[in-house]
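Structure record follows, encoded as structure tokens.
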Amino acid sequence: VRAEIRRIGAQRDGLAFGIDGAVVKVNDFAQRAQLGSTAKFPRWAVAFKYPPEEKQTTLLDISVQVGRTGVLTPTGIFAPVTLAGTTVSRATLHNQDYITEKDLRIGDTVILRKAGDIIPEVVSVQAHADGSVPYHLPETCPSCGSRVIRESDEVAVRCINPECPAQLLRNLIHF
């Protein structure tokens, strides 16, 4: 069974459809009846999940968007890479704490994966680019130029201008 799971995993990239795991089932109906099931799952079937595919790419830039509540959200722009059947060139970098924790810098060589085979995320930095400097979110709003603040109990950096065009647009879209 373990050898078959490894064999299927090795063939993942060559299949005409995407898979993220394999299910092992007992074929004999008498044994299935004997094994029974829990309230939700049969005991005669077990799922095995493969680890997500990881690829190396380059962080080309970081763009910052302003949401409807004024929160600045950084997005990594990457050299395109194929992951789990799709081309990935962007991934959220969440906030300044995330960027600092990963020590992300423009020009870095990074490892990307799709969390749950769906959401692109940065796993780690493989190498910093020569002369790179740590990235920090801007001190002014990229949309309106107003001052941004970070409350001591929050990770979010916010534009404090209620007339910020980006916030007004996002509010209209949200409505």
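The values are calculated or read from the model by the stated rules, or taken from the named source; none is laboratory data. From a predicted model like this one, the values you see are computed outputs, not experimental measurements. In this analysis, Cβ positions are derived from the backbone assuming ideal geometry, glycine residues included, and neighbour counts consider all displayed protein chains. Ligands, DNA and RNA are excluded from the accessible area calculation, which covers all protein heavy atoms including side chains. Shrake-Rupley method; radii C 1.70, N 1.55, O 1.52, S 1.80 Å.
I'd like the full set of residues that are open to solvent by 60 Å² or more (accessible area, probe 1.4 Å) and farther than 29 Å from Asp153 by Cβ, limited to segment 107-138. Those that are open to solvent by 60 Å² or more (accessible area, probe 1.4 Å) and farther than 29 Å from Asp153 by Cβ: Arg113, Ile118, Gln126, His128, Asp130, Gly131. For residues in segment 90-106 being in a helix (DSSP H, G or I) and acidic (Asp, Glu), which is farthest from Ala156 (Cα to Cα)? This residue is Glu101.
Candidates are the residues of segment 162-175 that are more than 11 Å from Val66 (Cα to Cα) and in a loop (DSSP other than H, G, I, E, B); the one that is least open to solvent (accessible area, probe 1.4 Å) is Pro162. When you check Tyr98 against the structure, is it aromatic (Phe, Trp, Tyr) and surrounded by fewer than 17 Cβ atoms within 10 Å (Cβ to Cβ), yes or no? So Tyr98 passes the test.
Yes/no per residue for (1) part of a helix (DSSP H, G or I); (2) in contact with a Cys (Cβ under 9 Å, 6 or more places away or on another chain); (3) surrounded by 13 or more Cβ atoms within 10 Å (Cβ to Cβ):
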| site | (1), (2), (3) |
| --- | --- |
| Ile5 | yes, no, yes |
| Ala22 | no, no, yes |
| Asn27 | no, no, no |
| Val46 | no, no, yes |
| Ile62 | no, no, yes |
| Arg68 | no, no, yes |
| Thr73 | no, no, yes |
| Ile77 | no, no, yes |
| Val88 | no, no, yes |
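Quick test for you: out of Ser152, Ser132, Ser143, pick the one residue that is without any contact (Cβ under 8 Å) to a residue 12 or more places away in the chain and assigned to a loop (DSSP other than H, G, I, E, B).
The match here is Ser152.
Look at segment 96-115: where a residue is among the acidic types (Asp, Glu) and a partner is in a strand (DSSP E or B), sitting 6+ places away or on another chain with Cβ atoms under 9 Å, you get Asp103/Val125; Asp108/Thr58; Asp108/Leu59; Asp108/Val125; Asp108/Gln126; Asp108/Ala127.
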